[in-house]
Structures are given as C-alpha cells and as structure tokens.
Amino acid sequence: MATTHARVPGQPTPTGMAILETATATVQSFSPINSIHQHLCAFHLYSHDMTRQLEAHHFCAHQNKEMRQCLIYDSPKADAKLIGLEYIISELLFLTLPDNEKPLWHSHEYEVKSGVLFLPGLPGPIQRQDLDKVCKTYGKTIHFWQVDRGDELPLGIPQVMLALTRDGQLRPELAIDVQMRYGVSFDEEREKRAYMEGPKLGVHPLANGGGKGLKTELRETDCMPVDSVPRVFV
C-alpha cells in the first residue's frame, strides 16, 4: 500500500536529456545534497485534519549539533516525489522561539518511544543511538504536495504537518503495511526504547499546535509596488 496514488503526467525523460544530465552530474557540485547522511521513516498528519495520514521518508543532513534539515519524499525509490521539508531542532533552540512560532513545531518523543519512527535498513542498536537524541527534539514540517489525495502535481498552498503524539492516532492499516514492507515491529521497538527520555523540561504545552488544529490559508492583500522600494546606490 504505497503513499503515492497518482503518476506525474508527462512524457518519459528522453534519452538525450538523460545523457545530458549524466554529463552535467560529473562536472557540477551537489554539496548540499551530498551532505545528506540519514534516512528516517515516520508518519505525518495534516494539522487541520488528523484523519489524513501518510508515510514520510526523511533524508536528513546536520547543520550542526542543534539542528538538522530534511527533504521529505513519499517513498525511498528513485522516482519518489519530493513532498515537503522538515527542520529538526534541539530543545535548547526550541525554547528560544517566540510563543507564536512554537505551535508550528511538533515533538518527537512519542514517535520515537512508540517505535513508529525508524531508520530503514539499520540494525536496532545503531538506530537507537541516534533516536535517543531525536527523542528530545522538535520538528517543523511543511508539505507542498498532497499525494495522499492523489494529486498528480503539487497543488494548492503548503500545509503545516504534525506528528503522532499518543496511542490510537495512527491508522492501523498504515502501521501494518509499513511494518510488513520494512520488516520492523513497532511494539518490539517500543519495549527496547522504553529507557529513552524526551525533552528535559517535558513536551512544551505550545508545541504540537498548542493542542489545536492549524491550517494555512491564502488571502488577498495589498502588494507594495516596486517603485516604492528604497533605492540603494553604490
């Protein structure tokens, strides 16, 4: 049961274009992409409708010890759709955020301790070394492509996503499907991760939407004309 329901419209990539891409790849630098070193699999929920849930594959790189940034795809396959972004920060950085920003961030404690967040293909002991750190972090996730409803292209405006925070939220069919495809057991991992701890001060009450749903909406507003922008002469 894959997250993707629709094929992107268009003709297959021509052979000539594929050859050109191969040639440019040998010359150009892809440093930001090459810094990606980790693949996390988890589930995301639309913050305004938690019945809409999907499998999310995070390909992450560290900015530093306190922050990592992740490209989110709907699968780990070569033709996966890039559907969003997630920024992951430490509790220390989260506490520096203004209060009106905190609801946009979700905690990772439940995801990690329940076993539903995992690193595909890595042995459990190695996974747990890093997930013990992730358990204490917060994430801000925006999805641009609503593949769960079958969109062939990224339509509409970006949406804020949240993560699981308690038992009973994850749709059973999603849990069963992912466990079967990746050969993992959420219940077994839950037991093995029982020693882990979340944020030192506990999950902040303003995180996870502050207990409310959040929905991004587009509204018309006045636009500053170009001729009103101050000019700078050098």
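The values are calculated or read from the model by the stated rules, or taken from the named source; none is laboratory data. Since this is a predicted model, take the numbers as computed values, not measurements. Note: ideal-geometry Cβ built from the backbone for every residue, glycine included; neighbour counts use all protein chains shown. Heads up: the accessible areas ignore ligands, DNA and RNA and are worked out on the full protein's heavy atoms, side chains in. Shrake-Rupley method; radii C 1.70, N 1.55, O 1.52, S 1.80 Å.
Given the conditions (1) modelled with pLDDT of 95 or more; (2) more than 28 Å from LEU93 (Cβ to Cβ), report the number of the one that THR221 does not fulfil.
The single condition THR221 does not satisfy is (1).
Can you find a residue in the range 107-123 that is acidic (Asp, Glu), closer than 13 Å to ALA42 by Cα and touching a Ser or Thr at 6+ places or on another chain (Cβ under 6 Å)?
The answer is no; no qualifying residue exists.
Any chance you could count how many residues in the range 55-88 are assigned to a strand (DSSP E or B), over 8 Å from the mean Cα position of the chain (by Cα) and among the hydrophobic types (A, V, I, L, M, F, W, C)?
Count: 7.
Which of (1) under 23 Å from ASP79 (Cα atoms); (2) among the aliphatic types (A, V, I, L, M); (3) crowded, with 16+ Cβ neighbours inside 10 Å is the odd one out, the single condition LEU206 does not satisfy?
Among (1) under 23 Å from ASP79 (Cα atoms); (2) among the aliphatic types (A, V, I, L, M); (3) crowded, with 16+ Cβ neighbours inside 10 Å, the lone unmet condition for LEU206 is (1).
Quick one: in the range 192-203, of everything that is over 22 Å from the mean Cα position of the chain (by Cα) and touching a residue at least 24 places away in the same chain (Cβ under 8 Å), which residue is least open to solvent (accessible area, probe 1.4 Å)?
ALA194
Are any residues in the range 89-103 out of contact with any Phe, Trp or Tyr (no Cβ under 7 Å at 6 or more places or on another chain), touching a residue at least 12 places away in the same chain (Cβ under 8 Å) and either hydrophobic (A, V, I, L, M, F, W, C) or not in a helix (DSSP H, G or I) (or both), and if so, which ones?
Correct list: SER90, LEU92, LEU93, LEU95, ASP99.
Can you tell me which residues in the range 78-110 are open to solvent by 80 Å² or more (accessible area, probe 1.4 Å) and hydroxyl-bearing (Ser, Thr, Tyr)?
Answer for the range 78-110, where residues must be open to solvent by 80 Å² or more (accessible area, probe 1.4 Å) and hydroxyl-bearing (Ser, Thr, Tyr): TYR87, THR96.
Filter the range 59-77 down to the residues that are open to solvent by 10 Å² or more (accessible area, probe 1.4 Å), free of Cβ contacts under 8 Å to residues at least 40 places away in the same chain and out of contact with any helix residue (DSSP H, G or I) (no Cβ under 8 Å at 6 or more places or on another chain) and list them by number.
PHE59, HIS62, GLN63, ASN64, LYS65, ARG68, GLN69, LEU71, TYR73, LYS77
In the range 155-190, how many are touching a residue at least 12 places away in the same chain (Cβ under 8 Å) and outside any strand (DSSP E or B)?
Result for the range 155-190: 23.
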